Amino acid sequence: MAKLTWYGHAAFLLETGQYKILFDPFITGNPAAPVKAEQLQATHILVSHGHGDHLGDTVAIAKRTQATVIGPFELAEGYCASKGCKIHPMHIGGSYAFPFGRVKLTIAHHGSGDEIDGKMLYLGNPCGFVVNVEGKNVYHAGDTGLFMDMQLIGQMHPLEVALLPIGDNFTMGPEDAAKAVEFLKPKTVVPMHYSTWDIIKQDPKSFASKVKGSKVVILEPGKSLEF
């Protein structure tokens, strides 16, 4: 059985066997995070794009735990490696079999860059992830707008769990996210990337009321889902 824990915003920990896989570990500065970055352990870190609220504490956690950072080439090779992280660069459409399971990068309609040392640094294309663990697929959409190819993601990789942003303004809002569920057809959907700040404040129960055909699990920060 695998375990998925939400740390607020888009940060999750996926545990399977001896492996601890962090997604977008924005902990420091995340008002919803119930833990400190130095408390987290990881064997692998998946980073969807270079915005500070997703890259977050990746470098510090990776260097402390010796976790492998997995992400788009420019972000992993061009930035994280330069900071001393162990990396595995990938790109959209590609997949790779890691010890814990297979990871595939999907498209995401968003941006990727951050102000570093006073300059805006381009950090490659944003992405989402389909992660297969214990024979089940988990989709972390990253930051994205709605797109038709979500239908292909669901068809090619039947989803046990989909982690979808609902915050609006920067990503899909509740209505578009509900349409994404219709396209993806996951067994379970977990809303994310909402109410961290007022500009993305949303009621997840309102989102849940719009979803048909999939179970919606609304997690509180620090709470887990087993599957």
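Some points to look at:
- Gap separating the Cα centres of segment 85-122 and segment 36-56, nearest whole Å: 12
- Along the axis of the charge dipole computed for segment 170-227 (Cβ charges of +1 for Lys and Arg, -1 for Asp and Glu, origin at the Cα centre), the listed residues Pro221, Val181, His193 are led at the positive end by Val181.
- Listing Lys212, Lys104, Lys185 from fewest to most neighbouring C-beta atoms within 10 Å gives Lys212, Lys185, Lys104.
- The shape of segment 3-221 can be summarised by an equivalent ellipsoid whose semi-axes, obtained from the alpha carbon gyration tensor, come to 24, 19, 17 Å from longest to shortest.
- Of the Cα atoms belonging to segment 9-75, the radius of gyration and Dmax stand at 10.8, 31 Å.
- Summary value for the chain: 18 percent relative contact order, contacts being C-alpha pairs under 8 angstrom separated by 6+ residues.
- At 1.567 mPa s and 4 °C, Stokes D of segment 45-169 from Kirkwood alpha-carbon radius, µm² per second: 87
- Members of Lys20/Lys205; Lys3/Lys104; Lys20/Lys179; Lys136/Lys212 lying beyond 23 Å, as alpha-carbon distances in this model show: Lys20/Lys205; Lys20/Lys179
- Fraction of antiparallel bridges per DSSP, segment 10-168 only, in percent to nearest 5: 60
- Panel order for Cys85, Cys127, Cys80, by other beta carbons found within 10 Å of each beta carbon, from fewest to most: Cys85, Cys80, Cys127.
- Zone residues, segment 184-227, relative to Val35, backbone N less than 15 Å from point 7 Å out along Cα-to-Cβ: 220-226
- Residue separation of Ala81 and Lys223 scaled by 0.36 nm, minus their Cα-Cα distance, works out to 48.0 nm of gained length.
- With a cut-off of 12 Å between beta carbons, the residues surrounding Gly173 carry a summed charge of -1, where Lys and Arg count +1 and Asp and Glu -1.
- GNM flexibility winner over the chain from Asp24, Asp117, Asp57 (Cα, springs under 10 Å): Asp117
- Dipole magnitude for segment 1-147: computed about the Cα centre from +1 point charges on Lys and Arg Cβ and -1 point charges on Asp and Glu Cβ, it is near 440 debye.
Throughout, read-outs are computed from the coordinates displayed, never taken from laboratory work. Everything quoted here is computed from the prediction, not taken from an experiment. FYI the Cβ positions are ideal-geometry reconstructions off the backbone, even for glycines, and counts take in every protein chain you see.
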